[in-house]
Amino acid sequence: MVSHHIIEALAQVRQLQQTLLQRFQFQGYSGPTRAISGSIALVMAIFMSTPYYPQTTRAHLYGWGGVLLAALVLNGGALLHWFFHDQAVQRNPRRLRPVMDIIPPLFIGAVMTAALILRQRPELLFGVWMLMFGQANLASRHVLPRPINFVGLFYIVAGTAWLLTPGMSFMHPWPMGIVFFAGEWAGGLILYIDDKRLEKAAPRFYEERGETNDDAS
């Protein structure tokens, strides 16, 4: 009888931990949207490597700029949809604080991009972008699932390898397309799987307490 009560208590503690994670873990980033962004990068890399695409630095800058714009629209749209429609958020601006963590690495990446373009050193851009995404992932590690650390490290290792390897060319889009595809799909799957895990865990906890999720929030 005593052991049964101990098992029940441990189960409730585990469910409480899951519920706390759901409340304090940032859920504004969309896993599927990240995966779609990675797919767009790979498709663009394939397109830019064909003879039909102009093989000039300007054209490739426009191509990658289009990928960036698409990623910003998709991920920004998903973030705004979460902010305005998630009942637990209640449109509270403080829930958007984790987004501020990724602004410094994105700003530094933008400054470095502008500087390299002005100095006509486009061959370094892929490395800078990979490092930027790596730092952005690591900056969010305290509010996202722990495996996101590996995504950040993956980007940093890839970016370091690009910058330290001689002879890399900005006109060869495959490395950036493959790295971004792999990194965003990995990050997207991590967010998606963790989101589903929390969705399943919280209702069980509230049911055991005789509450509903809306009552607790």
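Only one of (1) in contact with a helix residue (DSSP H, G or I) (Cβ under 9 Å, 6 or more places away or on another chain); (2) exposed (fewer than 12 other Cβ atoms within 10 Å of the Cβ) fails for Ile40. Which number is that?
(2)
Hey, any hits in the range 57-67 for a residue that's part of a helix (DSSP H, G or I), among the aliphatic types (A, V, I, L, M), modelled with pLDDT of 95 or more and over 18 Å from the mean Cα position of the chain (by Cα)?
So far as the range 57-67 goes, yes, one or more of its residues are part of a helix (DSSP H, G or I), among the aliphatic types (A, V, I, L, M), modelled with pLDDT of 95 or more and over 18 Å from the mean Cα position of the chain (by Cα).
Within the bounds of the range 80-103, is there any residue that is more than 23 Å from Ala139 (Cα to Cα), modelled with pLDDT under 95 and aromatic (Phe, Trp, Tyr)?
yes
Filter the range 176-217 for residues that are at pLDDT 95 or above and either surrounded by fewer than 14 Cβ atoms within 10 Å (Cβ to Cβ) or within 30 Å of Gln120 (Cα to Cα) (or both) and give the result.
Result: Met176, Gly177, Ile178, Val179, Phe180, Phe181, Ala182, Gly183, Glu184.
Report the residue count in the range 166-186 for those that are over 22 Å from Ser30 (Cβ atoms), assigned to a helix (DSSP H, G or I) and among the aromatic types (Phe, Trp, Tyr).
Looking only at that region, the number is 1.
Could you please find all residues in the range 121-155 being modelled with pLDDT of 95 or more and part of a loop (DSSP other than H, G, I, E, B)?
The one that is modelled with pLDDT of 95 or more and part of a loop (DSSP other than H, G, I, E, B): Arg121.
Sort out which residues of the range 74-108 are without any contact (Cβ under 8 Å) to a residue 24 or more places away in the chain and closer than 24 Å to Pro122 by Cβ, and write them in order of number.
Within the range 74-108, just Phe107 meets the criteria.
Based on this model, can you work out whether Ala41 counts as in contact (Cβ under 8 Å) with a residue 60 or more places away in the chain, within 17 Å of Trp162 (Cβ to Cβ) and more than 18 Å from the chain's Cα centre (by Cα)?
Answer is no for this residue.
Please verify whether Gln120 is exposed (fewer than 12 other Cβ atoms within 10 Å of the Cβ) and either farther than 24 Å from Lys196 by Cβ or not β-branched (Val, Ile, Thr) (or both), treating the condition exactly as stated. First the steps, then the outcome.
Numbers: exposed (fewer than 12 other Cβ atoms within 10 Å of the Cβ): yes; either farther than 24 Å from Lys196 by Cβ or not β-branched (Val, Ile, Thr) (or both): yes.
In short, yes.
Could you give me the residue pairs with C-beta distances under 6 Å whose first residue belongs to the range 59-73 and is more than 16 Å from Phe170 (Cα to Cα), whose second residue is assigned to a helix (DSSP H, G or I) wherever it lies, and which are 6+ apart or on separate chains?
Pairs found: Ala70/Ile40; Ala71/Ser37.
Would you mind telling me which numbered condition in (1) touching a residue at least 24 places away in the same chain (Cβ under 8 Å); (2) surrounded by fewer than 18 Cβ atoms within 10 Å (Cβ to Cβ); (3) not polar (S, T, N, Q) Tyr155 fails?
Single failed check for Tyr155: (2).
Which residue pairs have Cβ atoms under 8 Å apart, sit 6 or more places apart or on different chains, and have a first residue in the range 159-170 that is loosely packed, with under 10 Cβ neighbours inside 10 Å and a second that is modelled with pLDDT under 95 and of a type outside the set (Phe, Trp, Tyr)?
Between residues of the range 159-170 that are loosely packed, with under 10 Cβ neighbours inside 10 Å and residues that are modelled with pLDDT under 95 and of a type outside the set (Phe, Trp, Tyr), there is no close pair.
The values are calculated or read from the model by the stated rules, or taken from the named source; none is laboratory data. Model, not experiment: these values are computed from the prediction. So basically every Cβ, Gly included, is an ideal-geometry build from the backbone, and we count neighbours across all protein chains shown.
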